[in-house]
Amino acid sequence: MAEEDETQGSELSDKQKREIAKWFLLNSPAGEIQYVARDVRSVLNDDNVYNTAVSEAFPLYNKSHLICLKMPDRSGDVLITPFSEINENEYLDPRTAQVARVDHVEQVCTEVRPASDEELPSPYIEDYRCVLDAELMKYVGEAYPKGVHSVYCVRGKDVEEPGSDFELVVVISAARHSPQNFCNGSWRSIWNVEFKDDLQIVDVRGRIQVGAHYFEEGNVQLDAKHECKDSTIFQSADDSAISLTNIIRHHETEYLAALQASYSNLPDSTFKDLRRKLPVTRTLFPWHNTMQFSLTRDITKELGIGK
Amino acid sequence: MEAAMGLMRRIPPNQTETALSALLSLMPEHSSDLLSQVDQPLQVLCDVDSGKEFILCEYNRDADSYRSPWSNKYHPPLEDGPCPSLELRKLEIEANEVFTVYRDQYYEGGISSVYMWEDENEGFVACFLIKKDGSKSGHGRRGYLQEGAWDAIHVIEVGPEEEGMAHYCLTSTVMLSLTTNNESSGTFNLSGSIRRQMNTDLSVADGHLCNMGKMIEELEGKLRNSLDQVYFGKTKEMVCTLRPPAELVEMRLPDS
């Protein structure tokens, strides 16, 4: 937002207004973009600029927050992710082999259609994808009360048989919105799983992002991120699914423990570096007896040595 | 204005400065309202006379200059910049000295400044400011924090003395951001901003400074506690709602 500085005193161009509006929208905490949008609209007071900003920011926000939308006709949920994007308004749900059409700004799925053959992976890849999805289902169901996950093939989806590399991405998204309790939060993890045929290994890279916002008479936010790596041997689809799920479970459990440790370190170590609970003297400050502190000043003044 | 304040309640607190400058450029007609209602991270300047740093805020500003509490001079120099009366300046000097000790005992570092000025109702207003950089590279004694910022703003209105009593109205704001960063737990940032008010009538026998100091100490302690216990606690609760702690899961899921 470098342009702000140059514009002091002069009118902002529509482009600058749009960029500012987008900045606010993209910095909305999990589950709060609709509220932010309402305020941005009224601050902008220019519906043309507002509509452009919204149409540009919502797709980015929805994809980065891995939001989950209900598909019509009760066929389940679809995750909005960069990995399932067919075009800006269409997202693949590999589990049901459907493509969901979404309205980004309303954050709803308007219709679904069956995915075409070109949009789906080969049977060989689908085998790996599908059993991993099923194995993860048990884990995500146990670990995340409101968790949704999906597995996508992002590279090599047309590989027909062993002998070539391919890459899957596991997305786990859990969000909780309780504005009545002034609290929203989200857990997002993205696991890149690279099957390397020549080395017969599978490399795993995870990115986890956890956010929480508590806003009753204040504004306090948690923003936590973590990246990790692991690997396992290239096995059959069934065995891979089990070991990959174990890897993901292990790292996510460890990360949760690390988060809790960060919280328990707050009172006695981390927060103390900002402000102590009690003074170094361990007693309340002696406001009744502050003469001792200004004494030096009085003496220097009386002796005429201050300045 | 309401919408602008709504945005400030949602934007990550460590982005306050960017958000405020964005709002100022979008709604220049509301700039004075925005500057007075949105608390922003405190800035610091060095007093050329004493070599000591002092904190900048709306209360020691005139035009583009800021008055230092140490030398009572405006930086950059300003002719006819308003100054408190001699009597109030005396209290201001004392408050700055005592508050330096208070700040050192609670913060083990940091910068503080106190400003006072007469108000229209024969009383006065005092503003006590503390800024602490608690990061490893700043004044963080223990070296746990990659980044750690604490800004406290206490504005206290003191009413005229009546029958040995005065009314004190204190508004305190704390803004903070702390980040830890290590291999096993990644980046962990908590940021926040809260504001509370406290009103009391006190006997002036103990002196204004003693009364104001006690109120500030009490409210600042309360703000710190509610950030620690309530606000951080609520975000932790949210994390545990999203993904309940391991022991609960393991009870249901014996290791395969």
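List of remarks:
- Inter-chain neighbour count for B:132-145: the average number of beta-carbon atoms from partner chains within 10 Å of each residue's beta-carbon is 3.
- For region B:4-97, alpha-carbon Rg relative to the globular expectation (2.2 N^0.38 Å, N residues): 1.28
- With contacts taken as Cα pairs under 8 Å at a separation of at least 6 residues, region B:145-203 carries a relative contact order of 37 percent.
- Between helix A:14-26 and chain A: long-axis angle, C-alpha atoms, 0 to 90°, nearest 10: 80
- Net dipole in debye of chain B [+1 Lys, Arg Cβ; -1 Asp, Glu Cβ; about Cα centre; nearest 20]: 1320
- Rounded to the nearest 10 degrees, the angle from helix B:232-242 to the longest Cα principal axis of chain B is 20 degrees.
- Stokes-Einstein, applied to the Kirkwood radius of the protein assembly as shown over Cα pairs at a viscosity of 0.890 mPa s and 25 °C, places its translational diffusion at 92 µm² s⁻¹.
- Coil-residue GluC sites (Glu not before Pro) of region B:82-135, DSSP, other Cβ within 10 Å capped at 11: B:120, B:122
- Across chain B, Cα pairs under 8 Å and at least six residues apart give a relative contact order of 11 percent.
- With a 10 Å cut-off around each Cβ of A:259-270, the average count of Cβ atoms from other chains is 6.
- Of the peptides A:248-259, A:70-81, the order by per-residue mean of other Cβ atoms within 10 Å, starting with the highest, comes out as A:248-259, A:70-81.
- Region A:70-129 and region A:39-59: distance between their alpha carbon centers, rounded to Å: 27
- Per-residue ellipticity at 222 nm computed for chain A from its helices equals -11500 deg cm²/dmol, with DSSP H segments shorter than 4 residues left out and the rest contributing -39,500 (n - 2.57).
- Helical runs assigned H by DSSP (4 residues or longer) give chain B a calculated mean residue ellipticity at 222 nm of -10500 deg cm²/dmol, each run adding -39500 (n - 2.57) before division by the residue total.
- Listed peptides B:33-45, A:212-224 by packing density, highest first (mean Cβ within 10 Å): A:212-224, B:33-45
- Nearest-ten-degree value, helix A:237-265 long axis tilted from longest Cα axis of chain A: 10
- Protection proxy ranking of A:42-49, A:229-236, by the mean of other Cβ atoms within 10 Å over each peptide's residues and highest first, is A:42-49, A:229-236.
Coordinate-derived values only; no laboratory data. All values derive from a computational prediction rather than experimental measurement. Note that each Cβ is placed from the backbone with ideal geometry, even for glycine, and that neighbours are counted across all protein chains shown.
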